[in-house]
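Chemist: My questions all concern the structure below.
Where a number appears in this text, it was derived from the coordinates with a stated rule and is not lab data. Owing to the predicted nature of the structure, the values given are computational and were not obtained by experimental measurement. Neighbour counts run over all protein chains shown; Cβ positions are idealised from the backbone, glycine included.
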Amino acid sequence: MVEKRFGLPREQRVRKRKDFDRVFQDGGSVRAGLIYGRYLPNGTSRTRIGVAVPNRFGKAAKRNRARRLLKEAYRLHKHEMPPGLDIILLPGTGWNKPPLGAVEECMGRIARKLSEKQPGTGKAGPA
């Protein structure tokens with residue numbers, strides 16, 4: 001079997017409804033341009049990701065494209081994310097067929113903001 005190196009394995013995803021609900025109820029929020037995120041420490045050393053795109057966002061094709069772009073942007077920036085968080089990503093206001101580069105730039109800003117909010121990540125905060 002060929003190993004998937006760049007995928008998003010099951011253990012790196014928030015999958016259960018109770019975990020989504022816990023993050024939405026008790027977690028903090030962060031916004032950067034096109035992306036809105038909710039986050040909550042999960043008590044492990046692993047960061048997990050979930051993507052939520054509501055039905056009111058648009059038809060299935062538009063929702064699926066938003067999901068794919070958010071997951072890909074996260075995959076490209078997951079090494080910058082602080083460990084031990086459950087993160088739920090949502091497309092923010094102003095999302096209108098953005099290119100991957102724009103979503104990726106916003107994801108980099110999300111990663112920096114989360115690192116600044118998490119003490120003890122080994123990354124320097126703002127000077």
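Chemist: Would you be so kind as to identify which of PRO82, THR93, GLY28 lies farthest towards the positive end of the dipole of the chain, taking Lys and Arg as +1 and Asp and Glu as -1 on Cβ and the Cα centre as origin?
Modeler: THR93
Chemist: Let me ask something else. Can you tell me the length gained on complete extension of the stretch THR93 to ALA61, counting 0.36 nm per residue apart and subtracting the Cα distance?
Modeler: Numbers: separation 32, 0.36 × 32 = 11.52 nm, distance 1.78 nm.
Result: 9.7 nm gained on full extension.
Chemist: Which length gain, in nm to one decimal place, applies between ARG75 and LYS113 when the Cα-Cα distance is subtracted from 0.36 nm times their residue separation? Don't jump to the answer; show the numbers that get you there.
Modeler: On the way: separation 38, 0.36 × 38 = 13.68 nm, distance 1.70 nm.
Full extension from ARG75 to LYS113 adds 12.0 nm.
Chemist: Aspartates and glutamates within cross-link reach of LYS18: Cα-Cα under 16 Å, excluding same-chain residues under 8 positions apart?
Modeler: Answer for LYS18, where 16 Å is the Cα cut-off: ASP26, ASP86, listed by chain and number.
Chemist: A further question follows. In the structure shown, do any of LYS71/LYS113; LYS62/LYS113; LYS62/LYS97; LYS16/LYS113 have a Cα-Cα gap over 20 Å, and if so which?
Modeler: LYS62/LYS113; LYS16/LYS113
Chemist: Fewest Cβ neighbours within 10 Å first, please rank SER45, SER115 accordingly. Provide the component values of the computation, followed by the final result.
Modeler: Details: SER45 7, SER115 16.
Neighbour counts put them in this order, fewest first: SER45, SER115.
Chemist: Let me ask something else. Helix-derived [θ] at 222 nm for the chain: sum -39500 (n - 2.57) over DSSP H runs of at least 4, divide by residue count, nearest 500?
Modeler: About -12000 deg cm²/dmol.
Chemist: How high is the relative contact order of the range 10-114, given as a whole-number percent (alpha carbon pairs under 8 Å, six or more residues apart)?
Modeler: 37 percent
Chemist: In what order do GLU105, GLU116 fall by count of nearby beta-carbon atoms within 10 Å, going from fewest to most?
Modeler: Listed from fewest to most nearby Cβ atoms, that is GLU116, GLU105.
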